[in-house]
Amino acid sequence: MRHSSGLRRGDLYSTRALQQAEENIRRLELFRQVRLDTRPATADTLDVVAELQPAPMRTLTTSVGWWSDDQVRLAASWKDRNLLHAGRGLSVQASYSRFRQDAGVTAWRPAYPGPRSGLSTTLGLSRESEAAYILRSAKLTTTLSWRPTFVDLLGLSLSFGRQSLHVGPVANDAFLERDGNLTLLSGFWSRDGADDRLHPTRGGVSRAKVAVTPPGLLSDFHFLTAEVERIQYRPLGRAVLAARAGLGWARPLAGDLDLPPNVRYFAGGSTSMRGFKRRHLGPVDATGEPLGGEARLIASAEVRVPVKGRIQAAVFVDAGQTWARHDDIDLSELEVAVGPGLMVNSPVGPLRADLGFRLTDVVPDQPRMVLHVSVGHPF
């Protein structure tokens, strides 16, 4: 714990350093309560005293929910926060939904190589089952993360795995059916300055991520992706204005003609563009099933107003589009939707129902009105 705190004998005292040490220890998840204080040791030195209340080392968590996007969702995880001692833990997790199933094992080492950094390794299996394709994959991912400040997170991740794609007869022209190795190097940054995780009222969140496959024999798929997103919250009296803008951009590399389906961008749904069903904003095949694309733009704004007790209402406007090719971006093709929302606050976040009405008709043969049911704010 002394190493994790970041405090060293002989350091100059500062309130900020003490607060940072508390946060470093709290992030170990080994203690339910952390409090650091000082007491005089000599005329010009202070001792740091820690008051710690241990947390349960082993936890089993299960969850079940229903979303209009993918109906039933199930999840379970078992975690031992100190199985390998010195705060090094292990977790086993699994999740199920109509379109995706995942299982994995994660081991982590906190405060490595420094007090604000950590190392984790995950072995994961996944299956994506869409109308146009079925994708199975297995991969090993190692991530090194670092927190330079209270709100910033930087990370570098390297994953190696193998994936197998089976394409339906209608989508044969859209997806290349092939198996192969996938090696991916990713870098990410996030800044979370929101004042509350479940019900934010001020501050904001910024995210950026870049991923690239190395050339050569390490990967049978070659591409580059880049994503940025900004979310902002501002109080308006008793109401809250929430706004979000995000851009995703990708392109094949090294002579590849197309992107794998799990790399493509999709839009539409309860947390995306609410004027469309899940994934249906953008290119579709002959049967109307989504194909995704190399570029995506999403922008949203909504006002959340308390009504009575746990009940809140919202009005929103969403805009967005997905383009098949990264050089096809055309802002005149943005779809726009507006609508109301109704929320009931709960311990796990707001239970929401949103009704989106399309004001545009760039993508044909889509419903003019879509109802979404979800848990949590869309952004």
Under a Gaussian network model of the chain whose springs join Cα atoms within less than 10 Å, the largest fluctuation of 39, 197, 244 belongs to 39
Point-charge dipole on Cβ atoms (K/R +1, D/E -1) for the chain, about Cα centre, debye to 20
1540
Can you tell me the length gained on complete extension of the stretch residue 307 to residue 179, counting 0.36 nm per residue apart and subtracting the Cα distance?
40.8 nm
Checking the a/c ratio against 1.5 first, then a/b against b/c, what shape does the Cα gyration tensor give for the stretch 326-379?
prolate
With a cut-off of at most 16 other beta carbons within 10 Å, and DSSP calling the residue loop, which trypsin sites (Lys or Arg not before Pro) in the stretch 300-365 qualify? Please list them.
310, 325
Taking the chain as a Gaussian network, Cα atoms linked when under 10 Å apart, which of 80, 327, 11 shows the biggest mean-square fluctuation?
11
For the stretch 111-300, what class follows from the C-alpha gyration tensor (a ≥ b ≥ c being the square roots of its eigenvalues): rounded when a/c is under 1.5, otherwise prolate if a/b is larger than b/c, else oblate?
oblate
Suppose each label sits 7 Å from its Cα in the direction of the beta carbon; what would the residue 196-residue 43 distance come out to in nanometres?
5.1
Measure nothing but the geometry: give the 0 to 90° angle between the long axis through the Cα atoms of 15-26 and the longest principal axis through the Cα atoms of the chain, rounded to 10°.
60
Order of 336, 240 under a 10 Å beta carbon neighbour criterion, fewest first:
336, 240
Between the DSSP loop rule and a limit of at most 16 other Cβ atoms within 10 Å, which trypsin sites (Lys or Arg not before Pro) in the stretch 37-138 are left?
98
Full-extension gain between residue 228 and residue 251, please, as 0.36 nm times their residue separation minus the C-alpha to C-alpha distance.
6.7 nm
Placing each pseudo-label 7 Å from Cα in the direction of the beta carbon, residue 3 and residue 153 end up separated by a distance in nanometres of 2.3
According to the square roots a ≥ b ≥ c of the eigenvalues of the Cα gyration tensor, what is the shape class of the stretch 2-54, taking rounded for a/c under 1.5, prolate for a/b larger than b/c otherwise, and oblate for the remainder?
prolate
Using modelled backbone amide H atoms (1.01 Å from N, in-plane), which distant-in-sequence or interchain residues come within less than 5 Å of residue 202's amide H?
195, 196
How far apart, in nm, are the 7 Å Cα→Cβ label points at residue 332 and residue 102?
4.0
Mind computing the radius of gyration and Dmax over the alpha-carbon atoms of the stretch 294-340? Å is fine for both.
15.2, 49
Given the options 155, 283, 124, identify the residue whose Cα lies farthest towards the positive end of the charge dipole of the stretch 111-300 (+1 on Cβ of Lys, Arg; -1 on Cβ of Asp, Glu).
155
So, in Å, what gap is there between the alpha-carbon centers of the stretch 259-320 and the stretch 32-57?
47
How much length, in nm to one decimal, is gained on full extension between residue 140 and residue 262, taken as 0.36 nm per residue of separation minus their Cα-Cα distance?
42.3 nm
When the chain is treated as a GNM, springs tying every alpha-carbon pair under 10 Å, which of 205, 49, 72 comes out with the largest mean-square fluctuation?
49
Given Cβ point charges of +1 (Lys, Arg) and -1 (Asp, Glu) and nothing else, what value in debye, to the nearest 20, does the dipole of the stretch 111-300 about its Cα centre take?
860
Cα atoms only: what Rg and Dmax, in Å, come out for the stretch 88-146?
14.6, 46
Give me the lysines in straight-line cross-link reach of residue 79: C-alpha distance below 27 Å, same-chain residues under 8 apart excluded.
139
Relative to the compact-globule estimate 2.2 N^0.38 Å (N residues), the Cα gyration radius of the chain stands at a ratio of 1.11
In sequence order, calculated HN-Hα J values of the stretch 116-121 (Karplus, 6.51, -1.76, 1.60; Hz; x Gly/Pro)
9, 10, x, 10, 9, 9
C-alpha center-to-center spacing [the stretch 337-368, the stretch 198-233] in angstrom:
25
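Here, each number is a calculation from the coordinates, and none is a lab measurement. If you're wondering where the values come from, they're calculated on a predicted model, not measured in any experiment. We place every Cβ from the backbone using ideal geometry, glycine too, and count neighbours over all the protein chains shown.
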